[in-house]
Amino acid sequence: MARSLNVQIIRTMCVVAIVDFITMVLAAVLMIFMAEWLQEWLQAELNDMYEWFYLIISISVGLIPGVVVGWRLAHKIMRPLKSVATAVRSIASGDFSARAKATQSSFSEAEALIVDFNAMAARLERAEEELKYSSSATAHELRTPLTVLLASLQGLSDGVVEPSSELYELLICQVTDLTGMVEDLRTFDLANAGTLEIDLQEVDLTVEAEVVISSMEQKLVSAGITIEREFGRAVVLADPRRMRQVLLALLDNACRYAPGSTVVVQTFTAENRAGMRCLDTGPGMPLDAQARAFDRFWRGGGSQARTGGGSGLGLSIVKAIARLHHGDATIVNNSKVVGFALEVWVPLAQHLPELAREI
């Protein structure tokens, strides 16, 4: 088990002090013995030499263990630091897979440093992978509507395509999708950076849920979805517009992946938090897919889901908004849930003293 560096330094200094004390005592005894032995024939000539000899013996015998112990301690301190320095240089050169290696019999502070550094390096590696994937996915998602727009406009320009209300509706739809995707990207990035502005108010999530359901009534009917309400008291400090955006994304998700199902919208207060829960009786989501449900641009259902519209950012934004309110979004897994259920919650006001003071 690793010991504290402070403890090791204190123990080392104690050992050096004890060795020095024992050395001085032994040197004094040795000098007395030698003085008696040499007193008869070297008394006058060697008085000064005795003093120098005593001093040299004391310093030499005291320094040797001090140097040895100090060297070993310095080596033990520097080994983990060199490992971290090597990993830092590798990461700085672009190798985000580099990790610091733990050394045997290192002190606890070094082990904590290595663990924290490796955790940071792992997060950097994931961030780098997500950035690469995000750039590729963004380009892929933008390519389709831009291609349709370019082809249609080129056809109109060349006279190959006749203008019609259907064509203009298609072009408007593509522009709307692009605008929505850009806004979703902006919202997601601002939320992740912690710079998304929110207007905190005392919000009744039940009222906001009713507003969203009413606004989506036509779309829900078109998708064959039956809405059931299970509303309870759910008053929190939150941005009402962002809370509506959250439920809007959840219901839109149900329309896309669970058409013809029954969707239950719940608002609740449990212990120190309140929130909204959306449950559907659709096909649900496999456990292996749930791990990626909140990834940017990830969509379940393969190509069929991809052709169903949407930016693939809905659940990512839901989670980002929840965390911006110091809450979270989680998938509910229990035997009572037939299809897919997702819960978004935020802490109650009394559990956010700092947030409450800012309002």
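The values are calculated or read from the model by the stated rules, or taken from the named source; none is laboratory data. Everything numeric in this text was worked out from a predicted model, so none of it was measured. Glycine also receives a Cβ, built like all others from the backbone with ideal geometry; neighbour counts cover every protein chain displayed. Quick note on the areas: whole protein, heavy atoms, side chains included, nothing else; ligands and nucleic acids left out. Shrake-Rupley method; radii C 1.70, N 1.55, O 1.52, S 1.80 Å.
Being among the small types (G, A, S), in contact (Cβ under 8 Å) with a residue 40 or more places away in the chain and loosely packed, with under 14 Cβ neighbours inside 10 Å: is that true of G159 here?
Numbers: among the small types (G, A, S): yes; in contact (Cβ under 8 Å) with a residue 40 or more places away in the chain: no; loosely packed, with under 14 Cβ neighbours inside 10 Å: yes.
It is false that G159 is among the small types (G, A, S), in contact (Cβ under 8 Å) with a residue 40 or more places away in the chain and loosely packed, with under 14 Cβ neighbours inside 10 Å.
I want to confirm something. Restricting to segment 285-298 and keeping residues that are open to solvent by 30 Å² or more (accessible area, probe 1.4 Å) and part of a loop (DSSP other than H, G, I, E, B), which single residue is modelled with the highest pLDDT?
The extreme case among them is M285.
Would you pick out the residues in segment 86-118 that are aliphatic (A, V, I, L, M) and open to solvent by less than 40 Å² (accessible area, probe 1.4 Å)?
Matches in segment 86-118: A87, I91, A98, A100, A110, I114.
Among (1) open to solvent by less than 90 Å² (accessible area, probe 1.4 Å); (2) farther than 23 Å from L313 by Cβ, where does D177 come up short?
Of the numbered conditions (1) open to solvent by less than 90 Å² (accessible area, probe 1.4 Å); (2) farther than 23 Å from L313 by Cβ, the odd one out for D177 is (2).
Scan segment 185-205 and give yes if some residue there is of a type in the set (S, T, N, Q), in contact with a Gly (Cβ under 9 Å, 6 or more places away or on another chain) and part of a helix (DSSP H, G or I), otherwise no. Lay out the reasoning, then the answer.
As a first pass, look at segment 185-205 and keep what is of a type in the set (S, T, N, Q): 187, 192, 195, 201.
Keeping just the survivors that are in contact with a Gly (Cβ under 9 Å, 6 or more places away or on another chain) gives none.
No; the residues of segment 185-205 include none that is of a type in the set (S, T, N, Q), in contact with a Gly (Cβ under 9 Å, 6 or more places away or on another chain) and part of a helix (DSSP H, G or I).
Could you list, in sequence order, the residues of segment 162-181 that are in contact with a helix residue (DSSP H, G or I) (Cβ under 8 Å, 6 or more places away or on another chain) and farther than 22 Å from R143 by Cβ? Spell out the reasoning first.
Initial filter on segment 162-181 (in contact with a helix residue (DSSP H, G or I) (Cβ under 8 Å, 6 or more places away or on another chain)): 163, 167, 170-171, 174-175, 177-178, 181.
Answer for segment 162-181, where residues must be in contact with a helix residue (DSSP H, G or I) (Cβ under 8 Å, 6 or more places away or on another chain) and farther than 22 Å from R143 by Cβ: just P163.
State whether one or more residues within segment 132-149 are aliphatic (A, V, I, L, M), modelled with pLDDT of 75 or more, more than 22 Å from the chain's Cα centre (by Cα) and farther than 30 Å from L178 by Cα.
The answer is no; no qualifying residue exists.
Looking at G275, G260, G232, G224, can you tell me which residue is over 20 Å from I321 (Cβ atoms) and touching a Phe, Trp or Tyr at 6+ places or on another chain (Cβ under 8 Å)? Give the steps one after another, and end with the answer.
Values: G275 fails: over 20 Å from I321 (Cβ atoms); G260 fails: touching a Phe, Trp or Tyr at 6+ places or on another chain (Cβ under 8 Å); G224 fails: touching a Phe, Trp or Tyr at 6+ places or on another chain (Cβ under 8 Å).
Going through G275, G260, G232, G224 in turn, the sole match is G232.
Before we move on, is S83 in a helix (DSSP H, G or I), surrounded by 15 or more Cβ atoms within 10 Å (Cβ to Cβ) and at pLDDT 85 or above?
On the way: in a helix (DSSP H, G or I): yes; surrounded by 15 or more Cβ atoms within 10 Å (Cβ to Cβ): yes; at pLDDT 85 or above: no.
Considered against the rule, which asks whether it is in a helix (DSSP H, G or I), surrounded by 15 or more Cβ atoms within 10 Å (Cβ to Cβ) and at pLDDT 85 or above, S83 comes out as no.
Considering only segment 225-259, how many residues are open to solvent by 30 Å² or more (accessible area, probe 1.4 Å) and β-branched (V, I, T)?
Qualifying residue count, segment 225-259: 3.
Name the pairs: first residue in segment 73-92 and under 12 Å from A110 (Cβ atoms), second residue open to solvent by 70 Å² or more (accessible area, probe 1.4 Å) and outside any helix (DSSP H, G or I), Cβ to Cβ under 6 Å, at least 6 apart or on different chains?
Once the first residue is under 12 Å from A110 (Cβ atoms) and sits in segment 73-92, its partners that are open to solvent by 70 Å² or more (accessible area, probe 1.4 Å) and outside any helix (DSSP H, G or I) give S83/K101.
Take the residues in segment 212-259 that are in a helix (DSSP H, G or I) and among the basic types (K, R), then tell me which one is nearest to the chain's Cα centre (by Cα). Don't jump to the end; show me each part of the working.
Filtering segment 212-259 for residues in a helix (DSSP H, G or I) gives 212-215, 217-222, 240-257.
Among the residues that remain, those that are also among the basic types (K, R) are: 219, 241-242, 244, 256.
Working: K219: 36, R241: 26, R242: 22, R244: 26, R256: 29 Å.
So the residue we want is R242.
Out of (1) among the charged types (D, E, K, R); (2) touching a residue at least 60 places away in the same chain (Cβ under 8 Å); (3) more than 20 Å from L313 (Cα to Cα), the odd one out for E217 is which?
(2)
Table: residues versus (1) open to solvent by 80 Å² or more (accessible area, probe 1.4 Å); (2) over 26 Å from I321 (Cα atoms).
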position: L153; (1), (2): yes, yes
position: L167; (1), (2): no, yes
position: C173; (1), (2): no, yes
position: E183; (1), (2): yes, no
position: D199; (1), (2): yes, no
position: V212; (1), (2): no, no
position: E217; (1), (2): yes, no
